[in-house]
Amino acid sequence: MNRTYAETEPSRAEIDALTGPILIEFGAPWCGHCQAAQALIEAAFPVDSPIKHLKIQDGPGLRLGRSFRIKLWPTLVFINHGQEISRLVRPGDAASIADAIAAIAAP
């Protein structure tokens with residue numbers, strides 16, 4: 001699990017080229033909703049997980065969030081084999097995050 005936002009935003013092509021299960025977390029370090037969600041994400045994320053967790057700082061002028069139609073933070077996008085399986089916007093409990101993680105971790 002990543003605890004810090006990426007310094008540079010990957011391109012959509014780079015994201016689309018990734019394989020396997022991926023959790024993309026869109027947010028901002030100063031966002032109160034994003035800060036509140038961190039404990040939930042950490043509680044739900046399996047220890048030593050093979051799932052890639054990309055923590056992307058979103059905001060005006062940043063294209064990746066727009067390409068995923070992100071409107072509120074945090075938004076968690078769950079991807080497996082290049083397909084979006086689910087997304088959670090401002091998750092309120094660790095169980096819903098754990099369920100979404102389990103869905104992308106399944107072969």
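Per-residue answers, yes or no, for (1) touching a Phe, Trp or Tyr at 6+ places or on another chain (Cβ under 8 Å); (2) farther than 29 Å from residue 13 by Cβ; (3) of a type in the set (Asp, Glu):
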residue: 46; (1), (2), (3): no, no, no
residue: 51; (1), (2), (3): yes, no, no
residue: 58; (1), (2), (3): yes, no, yes
residue: 61; (1), (2), (3): no, no, no
residue: 79; (1), (2), (3): no, no, no
key: Considering residues of segment 71-107 that are over 13 Å from the mean Cα position of the chain (by Cα) and of a type in the set (A, V, I, L, M) only, the residue nearest to residue 22 (Cα to Cα)   = 105
In segment 76-97, residue surrounded by the fewest Cβ atoms within 10 Å (Cβ to Cβ) [restricted to those that are in contact (Cβ under 8 Å) with a residue 24 or more places away in the chain and within 21 Å of residue 5 (Cβ to Cβ)] = 90
ask   = When segment 36-71 is examined, which residues are found to be over 18 Å from residue 98 (Cα atoms), in contact with a strand residue (DSSP E or B) (Cβ under 9 Å, 6 or more places away or on another chain) and part of a helix (DSSP H, G or I)?
value = 64, 65
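For (1) surrounded by 14 or more Cβ atoms within 10 Å (Cβ to Cβ); (2) among the aliphatic types (A, V, I, L, M); (3) touching an Asp or Glu at 6+ places or on another chain (Cβ under 9 Å), each residue gets a yes or a no:
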{"residue": "10", "(1), (2), (3)": "yes, no, no"}
{"residue": "19", "(1), (2), (3)": "no, no, no"}
{"residue": "42", "(1), (2), (3)": "no, no, no"}
{"residue": "55", "(1), (2), (3)": "yes, no, yes"}
{"residue": "60", "(1), (2), (3)": "no, no, no"}
{"residue": "69", "(1), (2), (3)": "no, no, no"}
{"residue": "74", "(1), (2), (3)": "yes, no, yes"}
{"residue": "99", "(1), (2), (3)": "yes, no, no"}
key: Which numbered condition residue 41 misses (of (1) at pLDDT below 95; (2) under 12 Å from the mean Cα position of the chain (by Cα); (3) of a type in the set (Val, Ile, Thr))   = (1)
key: Selection within segment 21-35 - in a loop (DSSP other than H, G, I, E, B) and either surrounded by 13 or more Cβ atoms within 10 Å (Cβ to Cβ) or among the aliphatic types (A, V, I, L, M) (or both)   = 28, 31
message = So, residue 97, is that one assigned to a helix (DSSP H, G or I), out of contact with any helix residue (DSSP H, G or I) (no Cβ under 9 Å at 6 or more places or on another chain), on the phi < 0 side of the Ramachandran plot and hydrophobic (A, V, I, L, M, F, W, C) or not?
response = no
message = Can you pull out every residue in segment 6-33 that is farther than 20 Å from residue 81 by Cα and under 11 Å from the mean Cα position of the chain (by Cα)?
response = 27
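The values are calculated or read from the model by the stated rules, or taken from the named source; none is laboratory data. The structure presented is a predicted model; accordingly, all values stated were derived computationally and were not measured. Here the Cβ is made from the backbone with ideal geometry for all residues, glycine too, and neighbour counts use every protein chain on show.
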